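Below you'll find the structure, written out as structure tokens, and then a few comments.
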Amino acid sequence: MNKKIQDLITAYIIKINSIISIFICGAILIFLLLNGLMLFKYVSPIDFIFGSIWNINKGYYGILPMIIGTILLTILTLIMAVPISLSCAIYLSELAPFKLKYVFEIILETLTVIPSVIYGFVGSVLLVPILRNDFNINPGYSLFAASVVLTIMILPTITLLSKDTFQSVPVELKEGSLSLGSTKWQMIKGIILPHSINGILSSILLGLSRAIGETMAVVMVSGNWAIIPKSIFDPIRTLPSHIILNIKECAYNSIVYYAMFATSLFIVLFIVVLVIIVEYLKNKEECK
Amino acid sequence: MVNKYSKIEEKLIFFLINTIMWGIFSTIAVVFIYLFINSIGVLNINFFFGEVNPLDVIFGIKPTYDGIWNAILGTLSIVILSLIFSTPIGILGGIYLSEYSKNNLIDNLIKISINLLAGLPSIIFGLFGYIIAVKTFGPCLLVGALSLSIMVLPLILKGTEESFNSLPKTYKFSSYAIGASKWETIRYVLFPMALPNLLSGLTLAMGRCAGDVAVVMFTAASIYSPSIGLFDRIETLPFSLYIFAMESPSPDSLNNAYGIAIILILLISFLFVCVKLFKIKKLSKLTY
């Protein structure tokens, strides 16, 4: 067949497929917006966002506890996950013996495809009873437990992506540093880490966006009390958990139904804010 | 500059990293051993097939009431169906993003919306699917597979775009230089080289389909269903796991949950290992 015609046809097919993808993406976003904004006919935005009581029967539709729960969970998971996964990435790229490295990588890659219910299940039958019986924390379902579960869930992702970034640092830079007499740790601190900041930030963003939207594992270990927590061992409820807990029992076009879509809009807002922060940090590093 | 402090600092930091690394992996090992031990008692032939003769169930002569065979079949069927729907659109759309897109407004908007959709919690796609189900066929395998395919579409798009973008540009330009058309370049040069990384993206998508609870809960799943017809409800392993873990009336039925967890892990690891072996075979052919 004439090559030019073949090119045109395939370009056409590829463009049609991308249009289908865009159409689907747009449909979901419009679906969210339409249903979410309907809520504000019934409840004022200020009451919704800053109200700290969620009680459907009495007409309180405040999701502030859930917003605070999500923010706290994200921060705690960040604090726990980033040092651990960066240490593992440094180990895998610089310190590990060759055969051991291969085994660890395979284990980590398998961990990335394990479904989140399994993490939630293990958390609820292993971690929560340990917290409750051995450490005397009642009820055991808490912000801390949810953070630990989420940390283990996003650890493989951040570790593997950061390891790839570390390994793509040019060898000349690394060997140059060593030849000037620095120790291995000074090389890691001074050459590899600053060079890979962009990759590290991207991997953290990827891990965090999975953690924010994670529904099932968090529902199974976080206790789901719609209150503002006073310590990290208090139960919390996050925005995705809020949706899944309410959507099963609400009527089709009721206020709660619209409130759930508005909650999803909030989650989208969260992720957008996170992406903006990460992009800003990346640009700041590049301008240095 | 190396003084005695930097040597001590290095020894300390490396000790810390080693401890963290081995701590993490021993925790993961302990978790798996715990799951394995608790599920040993449950995994017998009755667990899979109930009280009915296995051969009768496999050939569809008699239904099983208690076993998880239906759940295994249901999980496999929904994963395969949703991959059938999403892979062509995803791969061709990803090729568009990496080969045909320019830096104009529409394409940038497309990239932003795909990034946003990739971070949405799965429950939103569950809601979307629920609305579709209510207005058309009712909750069934077809609607569940469609919702899952919409959920993993951004993953496949991003994975394909990444895998094509990470190829060295020299291959593309050399292929054009010897007279190949754009489609011939993509089909015969770029696609085989991008295939290993593309398969990684597909594996991730497959893992999310297989392990998803929030979407199938609203669109396809039920606690008991003997068939996997396109317009029937189906059982899936993660959904059964969630139901058993959250609402099990006795410690005995909690043991069932351990069994389901182990089977789910084994199933997904098996699929993952198959794809990994295929990747290794392809990569070894591409060494030049």
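Since every read-out is calculated from the coordinates, none of them should be taken as a lab result. This one's a predicted model, so the numbers in the text were calculated from it and none came from an experiment. Because the Cβ atoms are built from the backbone with ideal geometry, glycine has one as well, and the counts that use them run over all protein chains shown.
In the stretch A:32-138, which trypsin sites (Lys or Arg not before Pro) are in a loop and have at most 12 other Cβ atoms within 10 Å, using DSSP for the loop call? Don't jump to the answer; show the numbers that get you there.
Numbers: sites: A:Lys41, A:Lys58, A:Lys99, A:Lys101, A:Arg132; in loops: A:Lys58.
Filter output for the stretch A:32-138: A:Lys58.
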Checklist entry - For helix B:122-135, what angle does its Cα long axis make with the longest principal axis of chain B, in degrees from 0 to 90 and rounded to 10? => result 60
Checklist entry - Of B:Asp232, B:Asp212, B:Asp107, which is the most mobile in a GNM of chain B whose springs link Cα atoms less than 10 angstrom apart? => result B:Asp107
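Checking the table A:Lys101/B:Lys11; A:Lys230/A:Lys282; A:Lys282/B:Lys102; A:Lys41/A:Lys230; A:Lys184/B:Lys279 against a 31 Å threshold on Cα-Cα, which pairs fail? Please list the in-between numbers first.
Working: A:Lys101/B:Lys11 20 Å; A:Lys230/A:Lys282 34 Å; A:Lys282/B:Lys102 22 Å; A:Lys41/A:Lys230 33 Å; A:Lys184/B:Lys279 33 Å.
Beyond 31 Å between Cα atoms: A:Lys230/A:Lys282; A:Lys41/A:Lys230; A:Lys184/B:Lys279.
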Next on the checklist: Can you compute the helix-only [θ] at 222 nm over chain B? Use -39500 (n - 2.57) per DSSP H run of at least 4 residues, normalise by all residues, nearest 500 deg cm²/dmol.
Outcome noted: -24000 deg cm²/dmol
Checklist entry - Hey, got a sec? Which chymotrypsin sites (Phe, Trp or Tyr not before Pro) in the stretch A:1-65 land in a DSSP loop and have at most 14 other Cβ atoms within 10 Å? => result A:Tyr42
Checklist entry - Residue by residue through the stretch A:69-77, which ³J(HN,Hα) values in whole Hz follow from phi under the Karplus form 6.51 cos²θ - 1.76 cosθ + 1.60 (θ = phi - 60°), with glycine and proline marked x? => result x, 5, 4, 4, 4, 4, 5, 5, 4
Checklist outcome for this item: Dipole check, the stretch A:48-287, charges on Cβ (K,R +1; D,E -1), about Cα centroid: among A:Leu245, A:Leu161, A:Leu208 the Cα furthest to the positive pole belongs to A:Leu245
Checklist entry - Expressed as a whole number of Å, what is the distance separating the alpha-carbon centroids of the stretch B:89-127 and the stretch A:179-215? => result 26
Checklist entry - Over all Cα pairs of the stretch B:138-190, how is the pair count split among 10 Å bins, expressed in % and running from 0 up to the last occupied bin? => result 22, 30, 22, 17, 8, 1
Item to check | Choice from A:Ile130, A:Ile28, A:Ile267 with maximal GNM fluctuation in chain A (Cα, 10 Å cutoff) | outcome: A:Ile28
Item to check | Interchain or long-range residues, amide H under 5 Å from A:Tyr60's placed H | outcome: A:Asn55
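I need the per residue convex hull volume for chain B, using only the alpha carbons, in cubic angstrom as a whole number.
Numbers: hull volume 64.9 nm³, N = 288.
Measuring per residue, one finds 225 Å³ for the Cα hull of chain B.
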Checklist outcome for this item: Farthest towards the positive end of the dipole of chain B, among B:Val152, B:Ser284, B:Phe173 and with Cβ unit charges of +1 on Lys and Arg and -1 on Asp and Glu, lies the Cα of B:Phe173
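Just to confirm the filter: which trypsin sites (Lys or Arg not before Pro) across the stretch A:161-238 are DSSP coil and have at most 13 other Cβ within 10 angstrom of their Cβ? Please report the intermediate quantities before stating the final value.
On the way: sites: A:Lys163, A:Lys174, A:Lys184, A:Lys189, A:Arg210, A:Lys230, A:Arg237; in loops: A:Lys230, A:Arg237.
Those satisfying the criteria are A:Lys230.
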Checklist entry - For the stretch A:48-287, max minus min Cα coordinate along each principal axis, in Å, sorted largest first? => result 71, 44, 30
Item to check | Peptide B:150-160 - average C-beta neighbours from other chains (10 Å radius) | outcome: 2
Checklist entry - Could you work out the helix-only [θ] at 222 nm for chain A, with each DSSP H run of four or more residues adding -39,500 (n - 2.57) and the total divided by the number of residues, to the nearest 500 deg cm²/dmol? => result -23000 deg cm²/dmol
Checklist entry - Where the centroid of each part is defined by its Cα atoms, how far is the stretch A:33-103 from the stretch A:241-269 in Å? => result 17
Checklist entry - Karplus couplings for the stretch A:155-170 from phi (6.51 cos²θ - 1.76 cosθ + 1.60, θ = phi - 60°), rounded to Hz, Gly and Pro as x? => result 4, x, 4, 5, 4, 5, 5, 5, 4, 4, 5, 4, 6, 9, 5, x
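What is the magnitude of the charge dipole of the stretch B:83-185 about its Cα centre, with +1 placed on the Cβ of each Lys and Arg, -1 on the Cβ of each Asp and Glu, and no other charges, expressed in debye to the nearest 20?
On the way: 7 positive and 5 negative charges, 19 e Å.
The dipole of the stretch B:83-185 has a size of about 100 debye.
Using Stokes-Einstein with the Kirkwood hydrodynamic radius over Cα pairs, what translational diffusion coefficient do you get for the protein assembly as shown at 20 °C and a viscosity of 1.002 mPa s, in µm²/s rounded to a whole number? Each step should come with its number before you reach the end.
On the way: Rh = 25.5 Å.
Reported coefficient: 84 µm²/s.
Among B:273-279, B:136-142, A:120-126, how do they line up by average Cβ neighbours within 10 Å per residue, starting with the highest? Working shown, then result.
Values: B:273-279: 13.9, B:136-142: 18.0, A:120-126: 23.3.
Peptide ranking by packing, descending: A:120-126, B:136-142, B:273-279.
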Checklist outcome for this item: When chain A is treated as a Gaussian network with springs between alpha carbons less than 10 Å apart, the largest mean-square fluctuation among A:Ser142, A:Ser202, A:Ser162 is found at A:Ser202
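Take peptide B:108-120, look around each residue's Cβ out to 10 angstrom, count Cβ atoms belonging to other protein chains, and average those counts. Show your work: numbers first, answer last.
Values: counts 0, 3, 6, 0, 3, 7, 3, 5, 8, 8, 6, 14, 11.
For this peptide, the per-residue mean of nearby foreign Cβ atoms is 6.
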Next on the checklist: Here is the link list: A:Lys4/B:Lys158; A:Lys174/B:Lys4; A:Lys58/A:Lys248. Which ones come out longer than 26 Å on Cα distance?
Outcome noted: A:Lys4/B:Lys158
Item to check | For B:16-28, mean number of other protein chain Cβ atoms within 10 Å | outcome: 5
Checklist entry - By the scheme Lys and Arg +1, Asp and Glu -1, what is the net charge of all other residues having a beta-carbon under 11 Å from that of B:Ser175? => result +3
Item to check | Angle in degrees between helix B:141-165 and the longest Cα principal axis of chain B, rounded to the nearest 10 | outcome: 20
Next on the checklist: Output wanted: per-residue J couplings in Hz (rounded whole) for the stretch B:196-211, from phi through Karplus 6.51 cos²θ - 1.76 cosθ + 1.60, θ = phi - 60°, x for Gly and Pro.
Outcome noted: x, 5, 4, 5, 4, x, 5, 5, 4, 4, 4, x, 5, 5, 5, x
